[in-house]
1. Where is the GNM fluctuation largest for the chain (alpha-carbon springs, 10 angstrom cutoff): V281, V163, V155?
2. Would you list which lysines come within 18 Å of K413, measuring only between C-alpha atoms, while excluding same-chain residues fewer than 8 positions from it?
3. At a 10 angstrom cut-off on C-beta neighbours, averaged per residue, how do the peptides 96-103, 260-267, 52-59 rank from highest to lowest?
4. Quick check on packing: order 395-403, 342-350, 173-181 by the mean number of other C-beta atoms within 10 Å, highest mean leading.
5. Of P50, C202, A346, which is farthest towards the positive pole of the chain's charge dipole, taken about the Cα centre with +1 and -1 on the beta-carbons of Lys, Arg and Asp, Glu respectively?
6. What aspartates and glutamates sit close enough to K339 to cross-link, taking a C-alpha to C-alpha distance under 16 Å and skipping anything fewer than 8 places away on the same chain?
7. So what is the calculated 222 nm ellipticity per residue for the chain, using -39500 (n - 2.57) for each DSSP H run with n of 4 or more, over all residues, to the nearest 500 deg cm²/dmol?
8. Starting with the highest mean, order 325-337, 7-19, 291-303, 225-237 by the number of other Cβ atoms within 10 Å, averaged over the residues of each peptide.
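Only the coordinates and a few stated rules stand behind these numbers; no lab work does. None of the values given here were measured: they were computed from a predicted structure. Positions of Cβ are backbone-derived with ideal geometry, glycine not excepted, and every protein chain shown enters the neighbour counts.
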Amino acid sequence: MQSRVRNPVSIVGAWIAALGAFGFLTFLALEWLGLLASPYAGLIGFVLAPAVLVAGLLLIPIGMWREARRRRRGREPWTWPVIDLGAHRTRQVVGALGLMTLVNLAIVSVAGLGVVHYTESNSFCGQVCHEPMKPEFTAHAASPHASVNCVQCHVGPGAAGFVRAKMNGTRQLYEVLAGSYSRPIPTPARGLPMAAETCARCHTAGRPARDVVRVIHSYADDETSTDTPTTLMVHLADIHWHAKLDTRVEFVATDPKRETIPYVRVTDARGGVTEYFAEGVAAQPAGDVRRMDCLDCHNRPAHTFSASADRAVTAAMAAGQVDLKLPFAHRELVAALAKEYPTETAAAAGIADDLHKAFARKDAAVDGAIVTAQRLYRQNVFPDMKVTWGTYLSNLGHTDVVGCFRCHDESHKAKDGRVIPQDCALCHKID
């Protein structure tokens, strides 16, 4: 049996298996030492290295079977070729092969590292699948998380997170090739890592624990676009109570968008459990029990879209991106943006034409308003993906969506009579 292993195929297989095993053990050591921060490093350690090991192991019995068949046919057992290093020509060939092998290994290593880094990039995630990911890629580039790579939030740590992401990516690749992806892409995204595995790398659960002041602007449709500001003090400590490490808030949602929540369970720091039931619900409904985390309120942290043309224009005017001296500026920009256009190109032309007609002049203020309006459209409306104003809404607050009132509606009651309150003073103070 041992002699049958002495054949070229089995020997090459043994070397390949040893190389795969060495690569896998090296990867484990580097990961244990914390030297591999990339989620995609698992591509090499948990996929490529084991695949090389298995391929090598399979070659060993294949070589033994071929050698046994050779011998049954009366052929001599395979022997090692004789390499005479005393011959000058032989030394030249061996040296050249050794040098070429080292060069090839270097090229493959650099190429492999480049592939790993490229698959971590935002351009790979957002531009390789250009059409379906264009809305998300565009919004991400304009968000506070623009410097955070997609994989840092969409790929969980370790082998399990990598495998889940790759399986999901394989499905998405098939849908792109087949053209069968949804338009628009449905939300919330399924299979995302929990916030403790992603958001918590930079943010501390339950923080910041302070009050902040926000000024909410509202512009009228009169000639001067009269601004009616509202000063709002937000109690972040009370709002972020939901995410404190010593508090566990769980719920069951009965719709795909997680907007209908008939059951809430709260476990406090002392282990006390309180269950809250919506009106007409007497027991925990069927469905997955989800622990509430950052993403249940901050559901658009890196891909934020305006809820309406009015919201987008108001934010731009408050930021000083529109000359407030333009007559009826708020009304005209909202009207131009709210129209439906078949393509982005048609929208740019239509917006410019409408605003030129509305302001009946050409100067820097009008040109600036047109550029701003066109940018707002490009960042929020994508006709090819059927994404328009209000397609993707944020659960922060309760103005444009149910948001906080999914649970804080005074109708979620515990058996002891306590309710989840809807008291405005819990979260903010209005001046």
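1. Maximum fluctuation in the GNM of the chain, among the listed residues, is at V281.
2. Within the straight-line cut-off, K413 pairs with nothing.
3. 260-267, 52-59, 96-103
4. Working: 395-403: 16.2, 342-350: 14.2, 173-181: 11.9.
Going from most to least packed, we get 395-403, 342-350, 173-181.
5. Farthest towards the positive pole: P50.
6. D310, D353, D354, D384
7. My calculation for the chain gives -14000 deg cm²/dmol from helical runs alone.
8. 325-337, 291-303, 7-19, 225-237
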